[in-house]
Every structure is written in C-alpha cells, then in structure tokens.
Amino acid sequence: MRFRLAGIMCLLCLRAVPSSGQTIRPFKDLMFGQVAAGGGYESWITATNRGSESWTGTLSFYRSKGAAWSPTVDGNAISNGQMALSLPPGSTRTLKVTGSNVAESGFCIFIAGNSSQTNFIEGNLTYFVKSGGSITDNVGVMPATEFYLSTIPFEDFLTVALALVNRGPAGQNATVRLTVYNKTNQQVATHTVPLIQNEQWVKYAWEEFGRLEFGSGRLEIQSDVPIAGTALMFIGGQFSSLPLQPTLRTYAMEVVVSGVRCKGQLSIWAEGPYVKGFFVVTEIPGLPTPSDVILVSGQLHQSKLKLHFFVPAGPAGNPDTVGYAASSTAFSFDMSGVDNTYIVGTLDKGKLAQGTFSLLRIN
C-alpha cells in the first residue's frame, strides 16, 4: 500500500503569491481592461443576468493612475466615475459608453453588491469606430481575466496594442515585466512597468520598446500581483482582438511518501487567486509508470498555495485517492523552486499518508 499511495500521490504543488483582497469574483463581478470613448470611438457593454433574482451593484470607471473617469453612459453623464446598476433576473442590457470630440481611454469594473448565488453577471464589450456617423470598424472582446503570467504571440510586433490594469487593494502596487522574444526564442528586449492601484497602462507595444522590426514572435507579461487587461491588433486600418489569458509554468517535482521517492512534472497557472493545472508521474520505484494526466485545482491564500487533487482508481491497483497540498513557504512564479508538504487519503479504506515534495522550475 505504501508504494501505491506514494505513486498515486506523486503529487503536485504550486505556488503562492500574495493574494488580492479585492479579486474579481467569477460571474459576480465583471471587468474590461480597455474602454474607449469620444473622438469617433464608442464602447458598447452588453451584460446579462441568468440568475433567479436581480443582480445589483456598482459600475465604476477609472483612467490613468487610478483617477475616477466619468464618460457618458446611455446618453447620461455619470458622477465621480460611478453609477448604480440593476439587472433583473433573465434580463440583458447594453450600456453605450460615449464621450466628447476627444478620444479617451479607461477601464471599468462591475462589482456585485452581495455574494448571493441567486444572481450573476456575464457580458462582452464591442468597440465601434465611427466617421461622420458611419461605422468604419468594430471589434468585440471578452471580459478581462486576472493573471500573473500571460503570453501574446504575434506576426508583426508593430501591430500589437495593449492595455494593462492593476485592480488590487490599496497599497498593493504591481511590478510588471514585459519581455519580447523573436520567433527563434531569442530575447529582443525587456522593460519594467510599475502600476499603482487602479492604474491603467495603455500603449502600442512599439511605443514602449521602439519600432522593433523583426517579424513574428511573442510578448511575455509577468506581474508580482494579479493584473488584467485587453490586447488588440491594429493592421490595415482595422482592429482585431487578441487573447490575453493566463499562461503556465512547468516544474519538475520530486515526492517522498513513506520513504518512497517518486518523480513527475507539474504545470500550473493562476487566474487571480484561482489555481488550475495538471501533473504526470514519470517514475515510481517498483511500479509501472502511469500514463494518466491528473488534474489539480486550488487557490492562493496569504502567500501560500492550497492545492487539491483527485486520482481515480487505476490499472496499477491504486484506489480512488484525494489529496491536499500546501507550500511550506511563500511562492511566486519568479522562484526557481519551492518545498511543500501534503496529505493524501484513500476513499475506500480511509487511510492517510503524509509526505513532502519539491518543485524545480523548468520554464
């Protein structure tokens, strides 16, 4: 049993970073990292509530270094960058954000007034570019997702436009590192961008790095606290959206359970405080190496990783097994490695085992 339990739990672990006290709650809150209004631009935000009761909350707009932004919404000027909002159950509403003759940029966030599971909010945003009353271009984007790491592959560096937002609690400033690689994985340039609370950074990538002309490659974004944003491509006089989603880190892991040392690989990513990932076992002394990919989930809480996983019964004779892992020290994606402790248990026998595991970053 000790070998089976050790092999099954050639576990994983993750990383912990200081968690945001004001993280975006999925389906309760909604954020868009770039809102454009005025000067021929309009932003239409369409939101819906599939809950059984009304969603009520506040829609807030910010620009520049966290200043309240008060564009016009549905033809009415808002005050101090905020407006109350209510969506009856099953309803859908489009909010049309406009401005003056001068183009302005900011971001917005819908914050629910309660945590009830009877009301939710989902939505999307569409930019409209107008000339003389006629629409010349439009592009839709998804809501912003909080991340620590993200990657934007591109065909032409000069076409990439980016908006980044630090939506964290007061005093939690973000240090964002932007790194450009060419198509053969050579680092071309790297810059650091500081973001205070509620600050929005908006630029074409070439405005930050200069007019780098080398064709295709990727832009990597890394932050020490969760950030979010919107990415666009501008080519031929028209915009298109680019995904700006979390990307992963991969680790070699070594697990010791009841004196048995196992090896494997773990890949993880974080959407704000929510952790997702998977691992594979590559070596179990005395047992066949399983081929299954094991899913993991968890959260980042108070600078520690809390991770859970389930391993179904398999051909090697292992029973259904559940596990809980926690980093023994604070963890960040910058670290080369970390040590962890965990507990695993079999569901049919109710037996528990404890162990340790270490992670060494691969990428």
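Each reported figure results from applying straightforward, stated rules to the coordinates on display, with no laboratory input. This structure is a prediction, so every number in the text was calculated from the model and none was measured. A quick note on method: Cβ atoms are made from the backbone with ideal geometry, for glycine too, and the neighbour counts reach across all protein chains shown.
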Open item on the list: Just to be sure I follow the rule: in the chain, considering lysines 8 or more places apart or on different chains, how many pairs have Cα atoms under 24 Å apart?
Closed with: 16
Task: Estimated Rh, the stretch 75-133: Kirkwood, alpha-carbon pairs, angstrom - done: 14.5 Å
Task: Cα-projected label distance for residue 245 with residue 184, points at 7 Å along beta-carbon direction, nm - done: 3.1 nm
Open item on the list: Along the Cα→Cβ direction, 7 angstrom out, place labels at residue 191 and residue 216. What is the inter-label distance in nm?
Closed with: 2.5 nm
Task: Scaled radius of gyration (Cα, divided by 2.2 N^0.38 Å) that the chain gives - done: 1.12
Open item on the list: What FRET efficiency comes out for residue 206 versus residue 354 if R0 is 41 angstrom and r is the Cβ-Cβ distance? Round to the nearest 0.05.
Closed with: 0.20
Open item on the list: Using helices alone, I'd like the mean residue ellipticity at 222 nm for the chain: each DSSP H run of four-plus residues gives -39500 (n - 2.57), total over residue count, nearest 500.
Closed with: -500 deg cm²/dmol
